[in-house]
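Step one of this worksheet: look at the structure below.
The values are calculated or read from the model by the stated rules, or taken from the named source; none is laboratory data. Just so it is clear, the model here is predicted, and its values are computed rather than measured. As a convention, Cβ positions derive from the backbone with ideal geometry for all residues, glycine included, and neighbour counts pool all protein chains shown.
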Amino acid sequence: MLRKVGLEFDVIPSPAEELHDELMPLDQLCEENARLKALAVAQDYPEATVIGADTLVYIDQTPLGKPRSKEEAAAMLMRLSGRTHQVCTGVCIARAGEVDSFHAITEVVFKKLSEKIIRDYMAKVDVMDKAGSYAVQEHGEMIIEQVRGDYDNVVGLPVAQLLGKL
């Protein structure tokens, strides 16, 4: 996504442990996880501009992270079926000792899903490393009726907002 807008960068996985506090508001949880990720990497690269991000799917005030099993993935997709949920991405920019955090929230409306559609979708997409067990950019037309807001945010990074901050 960043290459498409002309940015050059290195991807450095963060060693930070993510928080999983269901009592935290979604925007605060995503921003805090993004901050933890960015600061952990920035320690080793003090001269760099480090961008950390964390995306979560929320429904009924509950975060849906990455599934731990195929059964849990199918259950998540069934829970999202026919409903509207929120996708929140927290972003943190760490540079020159300064930290700037923000978030974006986008609503996603799922189609009514049958067990067959869920099986077919899971056969095409590796849902195990996806918050909420889906990826809008990977066969999203099978399961998603509408995206209300920033599509890039649902993919995992609100690029337009990030560029404005950079």
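So that you can scan it fast, the table gives a plain yes or no per residue for (1) touching a Lys or Arg at 6+ places or on another chain (Cβ under 7 Å); (2) buried (at least 18 other Cβ atoms within 10 Å of the Cβ); (3) of a type in the set (S, T, N, Q):
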{"position": "Asp100", "(1), (2), (3)": "yes, no, no"}
{"position": "Val108", "(1), (2), (3)": "no, yes, no"}
{"position": "Lys111", "(1), (2), (3)": "no, no, no"}
{"position": "Glu115", "(1), (2), (3)": "no, no, no"}
{"position": "Asp129", "(1), (2), (3)": "yes, no, no"}
{"position": "Glu141", "(1), (2), (3)": "no, no, no"}
{"position": "Arg148", "(1), (2), (3)": "no, no, no"}
{"position": "Leu163", "(1), (2), (3)": "no, no, no"}
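The residue pairs whose first member lies in segment 147-161 and is over 16 Å from Lys130 (Cα atoms), whose second member is modelled with pLDDT under 95, and whose beta carbons are closer than 6 Å, counting only pairs six or more residues apart or on different chains, are Val159/Met1.
Test Gly90 against the criterion of being surrounded by 15 or more Cβ atoms within 10 Å (Cβ to Cβ), at pLDDT 95 or above and of a type in the set (Gly, Ala, Ser), and give yes or no. Yes.
Among the residues of segment 30-60, those identified as outside any loop (DSSP other than H, G, I, E, B), within 28 Å of Thr84 (Cα to Cα) and out of contact with any Asp or Glu (no Cβ under 6 Å at 6 or more places or on another chain) are Glu31, Glu32, Arg35, Gly52, Ala53, Asp54, Thr55, Leu56, Val57, Tyr58, Ile59. Quick check, is Ala96 at pLDDT below 95, within 19 Å of Phe9 (Cα to Cα) and hydrophobic (A, V, I, L, M, F, W, C)? Considered against the rule, which asks whether it is at pLDDT below 95, within 19 Å of Phe9 (Cα to Cα) and hydrophobic (A, V, I, L, M, F, W, C), Ala96 comes out as yes. Within segment 42-58, the set of residues being in contact with a strand residue (DSSP E or B) (Cβ under 6 Å, 6 or more places away or on another chain) and either touching a residue at least 60 places away in the same chain (Cβ under 8 Å) or surrounded by fewer than 19 Cβ atoms within 10 Å (Cβ to Cβ) (or both) comprises Thr49, Ile51, Ala53, Thr55, Leu56, Val57.
In segment 104-112 there is at least one residue matching the filter, namely being in a loop (DSSP other than H, G, I, E, B), without any contact (Cβ under 8 Å) to a residue 40 or more places away in the chain and either touching a Ser or Thr at 6+ places or on another chain (Cβ under 7 Å) or not aromatic (Phe, Trp, Tyr) (or both). For segment 114-132, the criterion of a residue being farther than 30 Å from Val50 by Cα, part of a helix (DSSP H, G or I) and hydroxyl-bearing (Ser, Thr, Tyr) is satisfied by at least one position.
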